[in-house]
Structures are given as structure tokens and as C-alpha cells.
Amino acid sequence: MNCQLGIKILLIFLSSTTFLVAQEMYPGDVNNNGIVNGVDFLFLTNVYNKTGPARDNANTTYSPTIAPTWYESFPNGVNHAYADCNGDGKINNNDIENGVIKNFNLQHGNIQNDNFDSSGIEGTPTLLIVPDATDSSNELEIQIFLEENNSGYNLEDLYGLTFDIVFNGHIIATDRRQKPAINFALANNLWFSRNHSTKRHMVVTNEIANEVITTLAISRINKKGANNGNGEEKDGDECGGVGEFTIITTDIDNFRIVGPLFAIENVMLVDANLNVIPVNVKIESD
Ligand SMILES: [Ca+2]
Ligand SMILES: [Ca+2]
């Protein structure tokens with residue numbers, strides 16, 4: 001082989017390698033389906049603490065960004081580099097705050113549907129929603145639980161959860177700009193470990209037309225279920241806490257509300273391998 005040909009072959013190899021190791025991403029759209037939402041949080045927390053090559057000139061502006069390919073990919077084939085929203089080579093809380101939360105709801109290209117699944121019936125895990133507006137006419141409490149229901153799913157093996165509460169916008173107090181009208185507290189009896197270092201959660205609220213939409217996403221980050229020795233078994237307890245929303249409302253009793261106060265939408269429950277587990281959503285009425 002003459003020297004010039006050898007250099008040409010090397011150049012072709014290098015350029016094709018460069019082509020293969022770069023990919024276009026939008027910071028925050030971790031599953032690369034065209035929209036930033038709670039599912040991106042579930043993908044991100046699935047690979048929390050992983051590291052890989054950082055991006056050049058990294059930032060979290062929602063625009064096409066070239067990222068180097070990381071060693072591994074998610075089950076849907078999207079590379080783990082997409083979870084490094086701020087491009088610093090580490091997947092952690094900065095990516096949740098400055099990628100998913102900052103760019104929430106932003107879109108690009110044609111949106112591919114997320115596999116939301118609330119088609120569960122009796123015999124699948126239940127997402128139990130318990131509203132209580134009786135204590136005060138200016139406050140609505142909504143407690144959230146997960147139940148096993150003899151479904152064969154150990155609550156400890158349920159890894160992450162996201163759903164939207166779509167409020168009738170008329171019930172949210174109008175002084176919310178002074179003080180947040182929608183507050184959330186994690187349950188003390190979480191369905192998995194109580195150790196803060198093994199979980200993350202995110203609450204994002206947006207106003208769209210006459211609706212106020214709050215997305216809750218909560219996940220473990222340790223990739224372990226009860227059988228891996230890092231969970232806390234809850235003997236005989238089939239009900240696991242998620243948390244409680246407290247909403248400062250208009251005077252519900254004296255305000256003519258047409259239709260329900262809220263609806264639950266875009267529900268996704270996943271295991272540690274991002275398999276979607278069908279959920280049965282139950283709203284307990286007073
Ligand atoms: Ca997405
Ligand atoms: Ca990062």
C-alpha cells in the first residue's frame with residue numbers, strides 16, 4: 001500500500017467514525033420523542049449517576065445540539081447521552097433542573113407518543129387518588145397512594161411513576177402569583193425506601209388555556225428492587241404512599257364549577273428496566 005492511499009483510508013475511517021459517534025439531541029428530551037415531559041424524568045432517573053463523554057460548548061438551550069455517543073443505550077435504542085441534558089458528562093440533579101424542568105413541554109419535530117398506560121383493571125397496581133375538600137372551602141387536599149391489589153407486582157419493584165393532574169383552572173386561587181397555589185409533599189410511607197439518597201421527584205405546573213396542569217414524577221435512582229437487598233419490605237402492607245397535594249383554591253362551595261375539579265392524565269408506571277406497568281387509576285369520591 002502506498003503511503004498516500006494509507007492516509008486516505010485512515011481519513012475515511014476517521015470521518016465515518018466521527019459521523020457515527022455524534023448525534024443530535026434536544027436538551028431535556030431524554031427519550032427523544034419530540035416533547036419534554038414526565039417520561040423524560042423517568043428515563044433520566046433510570047440512568048442516574050452514569051457518566052460518559054461531555055459535550056463541547058455544552059448548554060441546555062432547547063435547540064439541536066450535537067452530542068458524542070455514550071457506551072450504552074436505553075431499551076428503546078436512544079443513547080444514554082440524551083440524559084446528560086447539560087452536557088457535563090454526568091447524569092444528576094442538574095440535568096433534571098436545567099434540562100427537563102427548564103425545557104418542560106417544549107417540542108421539536110414530529111412527536112412520537114409516549115406509552116402512557118392507565119388501562120389497568122382489577123389485578124394490576126392501582127394509583128389511588130383521594131381528594132378531600134371538606135376541611136376548608138379554600139383548600140383542596142389530594143392524597144396519592146399506590147396499591148398492589150394482589151397484582152403480582154411487589155410495590156418495591158415499581159421503580160418510577162409520573163402523571164398529570166389537570167385542574168379546572170377556575171378553582172385555582174388567583175393570588176397564586178404571590179404564593180404557590182399548588183404544593184406537594186412526599187409521603188412518609190413511600191412505596192419504596194425512605195432514604196432520600198435513593199429517590200428524586202419533580203413537580204412542574206403549567207397554565208394552558210383554562211387549565212392548570214401539574215405533572216408529578218417520582219422515581220428511585222438506585223436500580224434496585226426489594227430482591228436486591230436495598231429496599232425496605234413493608235410486611236403485609238399493600239398500600240404505599242406517594243404524597244399529598246395541597247391546593248389553595250377559590251371558594252369551591254360558593255363557586256359554580258362545571259364538571260369535575262380535576263382529572264388524572266398521562267399516567268406511566270415503570271419498573272427498573274423501563275417496562276411500562278399498566279395502572280388502574282381510582283379516584284375516591286367523598
Ligand atoms: Ca420526551
Ligand atoms: Ca449532566
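Every read-out reported here was derived from the displayed coordinates using simple, explicitly stated rules and does not represent laboratory data. Keep in mind the model is a prediction, meaning the values are calculated, not measured. Glycine also receives a Cβ, built like all others from the backbone with ideal geometry; neighbour counts cover every protein chain displayed.
If the Kirkwood radius is taken over C-alpha pairs of region 37-176, then at 20 °C and 1.002 mPa s the Stokes-Einstein diffusion coefficient equals 118 µm²/s.
Couplings 3J(HN,Hα) of region 111-124, computed from phi: 6, 8, 4, 6, 8, 4, 8, 10, 7, x, 10, 3, x, 10 Hz, in residue order, whole Hz [Karplus 6.51 cos²θ - 1.76 cosθ + 1.60, θ = phi - 60°; x for Gly and Pro].
Scan around residue 249 for amide H atoms under 5 Å from its own, H built in the peptide plane at 1.01 Å from N, and keep only partners 5 or more places away or cross-chain. The list, which skips near neighbours in sequence, is 139, 140, 173. Residues whose amide H comes within less than 5 Å of that of residue 199, counting only those at least five positions distant or on another chain, are 221 (H built at 1.01 Å from N in the peptide plane).
Converting phi to 3J(HN,Hα) with the Karplus coefficients 6.51, -1.76 and 1.60 and the offset θ = phi - 60°, region 203-209 yields 10, 10, 10, 10, 9, 10, 6 Hz in sequence order, with x at every glycine or proline. Could you tell me the relative contact order of region 32-182? Use alpha-carbon pairs under 8 Å, at least six residues apart, and round to a whole percent. Normalised by residue count, the contact order of region 32-182 is 22 percent. Put simply, when 57-70, 207-220 are sorted by average Cβ atoms within 10 angstrom per residue, most first, you get 207-220, 57-70.
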